[in-house]
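Below you'll find the structure, written out as structure tokens, and then a few comments.
The values are calculated or read from the model by the stated rules, or taken from the named source; none is laboratory data. Quick caveat, the model's predicted, so the values are computed rather than measured. Positions of Cβ are backbone-derived with ideal geometry, glycine not excepted, and every protein chain shown enters the neighbour counts.
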Amino acid sequence: MSTEVFDVIVAGGGPAGSSAAYTAASRGASVLLLEKEDSIAETVRTSGVTWLDDVHEFEIPRECYNEIRNFSFQSPNNTVTVTGTTPTAAVLDVRKTYRWLASQAEEKGTEVRVGANVTNVTKDKSCKDSTVTVTWSENQKQSSLRARVVIDATGFPSTVCRSMGLAGQWRRFGAGAEYEAEADYIDREMWWLMVGQRYSPAGYAWIFPVSDRIVRIGVGVGKPESDADPTRILGRLLEEKEGPIAALGRIRPIEFHYGLIPNDGLSRTTVSDNVILVGDSAGQANPLVLEGIRYAIRFGRLAGETAAGAALSRRTTKHDLYPYEKSWRDTIESRIRSAGRIQDRWIGLSDEEWDRELDVIRGMTAQEFVGFIKAEFGTLDMVKMATRHPGTAAKQLFRMALGRKSVGGR
Ligand SMILES: Cc1cc2nc3c(=O)[nH]c(=O)nc-3n(C[C@H](O)[C@H](O)[C@H](O)COP(=O)(O)OP(=O)(O)OC[C@H]3O[C@@H](n4cnc5c(N)ncnc54)[C@H](O)[C@@H]3O)c2cc1C
């Protein structure tokens, strides 16, 4: 039997993979999307918070998300709520959204095959194509496929680039455990972030409302900073009904979610001959709240465009694919570096310091807060906020955001 050949093979049917397949197919490339699970988004590994301006830009349908207007924070001895006049964030129905993204790719002509575990990728001798080895969950048989360009969108495990020896294990990452649960009393417009030792020794806990009836309650822990198990902390928080969890009334878990997200800065080179890395496999995450869905979609689309252009013109060297890497780095690299410094500061804060840090958030408007937490540090906003907050903690924070020695005239 002859080996099937595609212009672009995308490994992984998460937001990065589906978005890459969508634009690659839109450009006229023959595209195969391989997902190892038996359906798209069979396992949910994310809390699904993102930002409304991105949701609108990506044209995610309204039935896929719940809008968030107000942002509350709990530290051991402080509570702050930033109230918005209009919604600025969104909690996604993750399955619906990811399946919608995959259906968009299919509509453009992508062939989607599920139960397809990509186990190995090798470059052909000519270096013109790559061979992708797949194990099918249906019968555990292996087969080989060929592609001009392979996109590694396998997320945290980064199977393609690791099998090719292009990257090693992530050294720094976040581990998160979460219940999607029914609860008696839910304010569907308000999220909660909870910080301090009792919520997470190196990270935070959260309550994200999905609807009037359903919330996601979770705990994230930074590795290797802490060896704490987020699942155990979550169990304790639910049992003891810590902080704002008590106000939810009775909680009835529906589904457990667990996942890992890279937090290694932007340490990987994301193009090689015939190969592009995108989403979590490229380490494209905002370290402030470890969110990566919007980057996965945005840079997935970019990766698909670049891959299609390269495959169709038969110019698929690392050099040919480099514009992808340059473009995404130009967009986020300096922000991610600043956000990484702020994250390092937050990981080291004591409970008392967190109580004070929340006072800095207290003075922000919802727009300012969202800009800050998204790591979109506008110079004018940071200077304005530093002027309003005369305290040392605030000055340090906004200075880090700008990556500068001084802010607010000091
Ligand atoms: C606990 C937790 C909470 C999070 N909360 C948020 C949040 O609130 N907001 C946010 O923006 N981000 C959040 N993130 C991060 C976010 O989930 C990721 O950044 C995002 O999912 C990255 O998308 P991706 O497509 O690169 O990878 P993934 O979503 O991981 O998708 C990878 C896909 O590839 C498939 N796959 C893996 N290996 C193979 C293989 N060998 N062959 C074929 N298919 C394969 C997987 O089954 C999966 O479908 C969270 C992460 C964690 C761990």
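Given the stretch 1-93, what strands (runs of 3 or more DSSP E) lie entirely inside it while holding 2 or more residues that are near the ligand (Cβ under 10 Å from one of its atoms) and closer than 30 Å to D129 by Cβ?
4-11, 31-35
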Kindly list, by first and then second residue, each pair from a residue in the stretch 126-148 that is closer than 12 Å to L32 by Cβ and away from the ligand (no atom under 15 Å from the Cβ) to a residue that is in a loop (DSSP other than H, G, I, E, B) and not β-branched (V, I, T), limited to pairs with Cβ atoms under 6 Å and residues at least 6 apart or on different chains. R146/D129; R148/D129
Can you tell me which residues in the stretch 124-145 are in contact with a Gly (Cβ under 9 Å, 6 or more places away or on another chain) and surrounded by fewer than 12 Cβ atoms within 10 Å (Cβ to Cβ)? E138
Evaluation of E242 against (1) buried (at least 19 other Cβ atoms within 10 Å of the Cβ); (2) modelled with pLDDT under 95; (3) not assigned by TED's automatic domain parsing to the domain that holds P157 (one fails), failing number: (1)
If you go through the stretch 291-338, how many residues are in contact (Cβ under 8 Å) with a residue 24 or more places away in the chain and more than 28 Å from K374 (Cβ to Cβ)? 9
Which numbered condition G265 misses (of (1) surrounded by fewer than 21 Cβ atoms within 10 Å (Cβ to Cβ); (2) out of contact with any Lys or Arg (no Cβ under 8 Å at 6 or more places or on another chain)): (2)
By my count, helices (runs of 4 or more DSSP H) wholly in the stretch 266-373 with at least 1 residues that are within 16 Å of the ligand (Cβ to nearest atom) and within 26 Å of D54 (Cα to Cα) are 293-313, 318-347, 366-373
